[in-house]
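Undergrad: The following block contains the structure, expressed as structure tokens.
Just so it is clear, none of the values below were taken in a lab; they were calculated from the coordinates. Keep in mind that what you see is a predicted model, and the values were worked out from it rather than measured. Quick reminder, even Gly has a Cβ in these numbers, built from the backbone with ideal geometry, and neighbours come from all protein chains shown.
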């Protein structure tokens, strides 16, 4: 589960992938990370959440800024294609992330799967393991992974392996 922040090295890695792009923040909550995406140069952030915007997550108030379009919808009910999807939520739930992001050009993951939780469900992670990794910036609180659309055969990254084994609490030191 995302800790709600992005480290400086992750911002640097993320900036070229969001600059001038329309990003779907899937599970936007209080819009804090949507706002960060705008600050990193996104053209627009479509902030999708199953509930109306709410305050209080991680102590940050919700604020709609220019370029952020809030959409109250379940992820699996989205009708528009998602070219660039940003996911940092939900915990261990099947909300259709794999289906919605199947044909996406980019998938940006920010979170921490080492604590016995996972962003999304097994089908989402199996799909991500089959994609090329464009950027990987592991940090104790949050790990950033940027996936491209190219399908590849590769070993799972530590963060991905942890998402597939939510019965275990994993050490972050294993990731490095």
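Undergrad: State the label only: which of [x] 23.3, 93; [y] 14.8, 42; [z] 35.6, 129 corresponds to Rg and Dmax of the Cα atoms in Å computed from the shown model?
TA: Correct label is [y].
Undergrad: Follow-up. By count of other Cβ within 10 Å, fewest leading, how are 78, 97, 153 ordered?
TA: Going from sparsest to densest Cβ surroundings: 153, 78, 97.
Undergrad: Using the count of nearby Cβ atoms within 10 Å as a rough guide to exposure, how do 45, 22 rank from fewest to most?
TA: 22, 45
Undergrad: Multiplying the sequence separation of residue 103 and residue 83 by 0.36 nm and subtracting their Cα-Cα distance, what value in nm do you get?
TA: Using 0.36 nm per residue and subtracting the Cα-Cα distance, I get 6.4 nm.
Undergrad: With a point put 7 Å past each Cα toward its Cβ, work out how far residue 22 is from residue 154 in nm, to one decimal.
TA: Distance between label points: 2.8 nm.
Undergrad: Contact order normalised by length for the chain, with contacts defined as Cα pairs under 8 Å and 6 or more residues apart; what percent is it?
TA: It rounds to 20 percent for the chain.
Undergrad: For residue 12 and residue 72, compute 0.36 nm times the residue count separating them, minus their Cα-Cα distance, and round to one decimal in nm.
TA: 18.6 nm
Undergrad: Counting alpha carbon pairs within less than 8 Å and at least 6 residues apart, what relative contact order, in whole percent, applies to segment 78-142?
TA: Reported as a whole number, the value is 36 percent.
Undergrad: Let me ask you something else. Given springs between every Cα pair under 10 Å in a Gaussian network model of the chain, which of 88, 149, 123 has the largest fluctuation?
TA: Of the options given, 123 has the highest mean-square fluctuation.
Undergrad: Calculate how many DSSP beta bridges within the chain are antiparallel, expressed in % of all such bridges and rounded to the nearest 5.
TA: Around 40 percent of the beta bridges assigned by DSSP in the chain are antiparallel ones.
Undergrad: Then there is this: Report the label-to-label distance for residue 140 and residue 167 in nanometres (one decimal), using points 7 Å from each Cα along the Cα→Cβ vector.
TA: 2.9
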